[in-house]
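FYI, it's all coordinate maths here, none of it is from the lab. These numbers were taken from a predicted model, which means no experiment stands behind them. Cβ placement follows ideal geometry from the backbone for every residue including glycine, while neighbour counts extend to all protein chains displayed.
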Amino acid sequence: MSDTFPPSAEMAANAHVDAAKYDQMYAASIADPEAFWGEHGKRIDWMTPYTQVKDVSYDFGNVGINWYADGTLNVSANCVDRHLATRGDQTAIIWEPDSPTDPSLHITYNQLSASVNKMANVLKDLGVGKGDRVVIYMPMIPEAAYAMLASARIGAIHSIVFAGFSPEALAARVQGSEAKVVITADEAPRGGRNTPLKANADKALATCDASVQCLVVRRTGGEVAWDDARDRDYNALSAAASDVCAPEEMNAEDPLFILYTSGSTGMPKGVVHSTGGYIVYASMTHEIVFDYKDGDIFWCTADVGWVTGHSYIVYGPLANGATTLMFEGVPTYPDASRFWQVCEEHKVNQFYTAPTALRALMGQGNSFVEKCDLSSLRLLGTVGEPINPEAWNWYNEIVGGGRCPIVDTWWQTETGGHLMTPLPGAHAMKPGSAMKPFFGIEPVVLEPTTGAEIEGNDVEGVLCIKDSWPGQMRTVWGDHERFEKTYFSDYKGYYFTGDGCKRDADGDYWITGRVDDVINVSGHRMGTAEVESALVAHPKVAESAVVGYPHDIKGQGIYCYVTLMGGEEPSEELRKELRTWVRTEIGPIASPDLIQWAPGLPKTRSGKIMRRILRKIAENDYGALGDTSTLADPSVVDDLIDNRMNR
Ligand code: WT7
């Protein structure tokens, strides 16, 4: 039996949802999803109220997901306009810059409204309209949130590309979504260094359609190249723009945004989220999971380039009229107390971060935390990967002072919001467990090969979800077939998450990690196929296979087996060259941690690489290689084991 941490009496008494209410609401959500979501959809302001709630088919070949399909609304009106009468002067966004000596900003809802309306008018003037795509490649500055809300306001579909991605990755996403405009900034300061975003965008746009315009926000004032035919000065245009722009009336099922994410095969896929269902789900999970109350200061440390930033920096909090903190920097700059200094300075109440950041900070010692006053904290959260008990205990004791519940939220880019997590006032937490499904979520554990549902407790298998929820992705941009194939074909009639899980003796859920060829590096999802195709694009590389291996800080590191072209010699220099190559092809987050030269790869007689074996070798676990008799040439395995120190 693992340690359990029941909610404090105070939390249980004051939280939005206590144990009895969870049981009652969960049961109601499963018994009658129509009634449940029909009721909770009302938390959003609709222009035309919906009369239909749920219309969903998970049938392979005919998958269609619709929520509130006859309702109309505008997400920016829900995140901005509807708060103006009651909280126009309340802070909507606290912006904390990269450098602690630069001033932070407090942006009120009134100010947010003016900026969003202006940017909406700027985009309109650039010819952007309903249904057009806008790519956002930005630092973590308020203008990134304005850009999202301005797109939503005029009915354009935004696609954010994380500022750490390379020009090549940016270009692929601009082309993939056929965007009309790319919004960027001169430079992105992070950890005291400036990434040249505009220069990256220039490189990317050189390979895109000439009609794509580039709207440039001034952040550092750094020197940038300028192409009068294509580049537009945001600061000048928005100063001249009107701060009134009527919100477009959108159908609930119109796409709100696209977000590219890695899969187990090929190019990243454009996950498409809807307008109505998404905003209902993001706002409800934000309020209930974080026990957000009026006046609280909420801080999610993610970047808006990831879904966490979409749902829990911008859309969920702002739909709830919250004060959301947006941080431009990194946890270790200028030193390892930065997170805690920001918590102290802005009196943060809910703090939400990734296990990888906690592990890195934990290694620096407790003094960085202990010198800060963290008495404002009431709740902590984690996301992105399983949290190891050591990091959980450190978070609980050293950061939370033993007083704050920790919500370990399991979800995915595809799910729009949390699917499983303990609720702070309802559930006794277990370190490392995502615990319980959120309302409306029916997790099932399947036998991996037969796909049969495994009933009962103390069981392990593949995690699928039985029925839809409003925040679910609707399709893969431009490729509905890929959507069906990825999520609805292996286990018919269910949504396949790609994760494995355990349901323990108490019926609580533990995520055990991906069961597909996706790895999780510092909470970022990486398709091994993507790294492989970057490697084989190098002229000296004949073949490669990439797997994850356990890494103390990152959770998983990137382990690359590389077979060189005939006549090429392995060298330290070439290793460095390949690392740089992958960084330029994809971005620094895809940097190989270990490269092992592999004269041959273990393949079946039909030529399929046996990754299971490569994973074991990368984990230093050769006792458990399993059956190697189907290999075309079993001797390559011995060779890889003998040479694994050479990496
Ligand atoms: C994958 C999704 C959801 C926002 C961040 C990542 C893993 C996510 C947890 C957690 C264990 C987790 C899963 C999932 N994951 N949260 N609390 N415990 N694993 O979004 O990039 O779409 O990655 O992250 O493997 O499938 P993403």
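Observations, loosely collected:
- Candidates K554, K576, K502 - the one that is within 16 Å of the ligand (Cβ to nearest atom) and farther than 18 Å from L463 by Cβ: K554
- For segment 538-573, the set of residues classified as within 15 Å of S591 (Cβ to Cβ) and among the hydroxyl-bearing types (S, T, Y) consists of S544, Y549, Y559, listed by residue number.
- Residues (surrounded by fewer than 16 Cβ atoms within 10 Å (Cβ to Cβ) and of a type in the set (D, E)) located in segment 493-514: D506
- In segment 120-147, the residues that are out of contact with any Asp or Glu (no Cβ under 7 Å at 6 or more places or on another chain), under 23 Å from D209 (Cβ atoms), crowded, with 22+ Cβ neighbours inside 10 Å and touching a residue at least 40 places away in the same chain (Cβ under 8 Å): V122, L123, V128, V134, V135, I136, Y137, M138
- Pairs where the first residue, in segment 495-506, is of a type in the set (D, E) and the second is part of a strand (DSSP E or B) and within 11 Å of the ligand (Cβ to nearest atom), C-beta under 9 Å, 6+ apart: D499/W410; D499/L463; D499/I511; D499/T512; D499/G513; D499/R514; D504/W510
- Residues of segment 527-542 include at least one that is more than 23 Å from T409 (Cα to Cα) and within 15 Å of the ligand (Cβ to nearest atom).
- Among the conditions (1) farther than 19 Å from V342 by Cα; (2) surrounded by 24 or more Cβ atoms within 10 Å (Cβ to Cβ), the only one that N388 does not satisfy is (2).
- Residues that are buried (at least 19 other Cβ atoms within 10 Å of the Cβ) and farther than 24 Å from Y292 by Cα, drawn from segment 341-367: T356, R359, A360, L361, M362
- Within segment 413-424, no residue satisfies the criterion of being under 26 Å from W394 (Cβ atoms) and surrounded by fewer than 24 Cβ atoms within 10 Å (Cβ to Cβ).
- Qualifying residue in segment 11-33 (condition: outside any loop (DSSP other than H, G, I, E, B) and closer than 30 Å to G155 by Cα): yes
- Evaluated against (1) under 15 Å from V531 (Cα atoms); (2) assigned to a helix (DSSP H, G or I); (3) hydrophobic (A, V, I, L, M, F, W, C), V637 falls short on exactly one condition, (1).
- Test: E249 is in contact (Cβ under 8 Å) with a residue 40 or more places away in the chain, out of contact with any Lys or Arg (no Cβ under 6 Å at 6 or more places or on another chain) and among the acidic types (D, E): yes
- When A152, A179, A171 are checked against the criterion of being hydrophobic (A, V, I, L, M, F, W, C) and within 26 Å of Q111 (Cβ to Cβ), a single residue qualifies: A152.
- Test for L259: is it within 25 Å of W477 (Cβ to Cβ), more than 13 Å from the ligand (Cβ to nearest atom) and assigned to a strand (DSSP E or B): no
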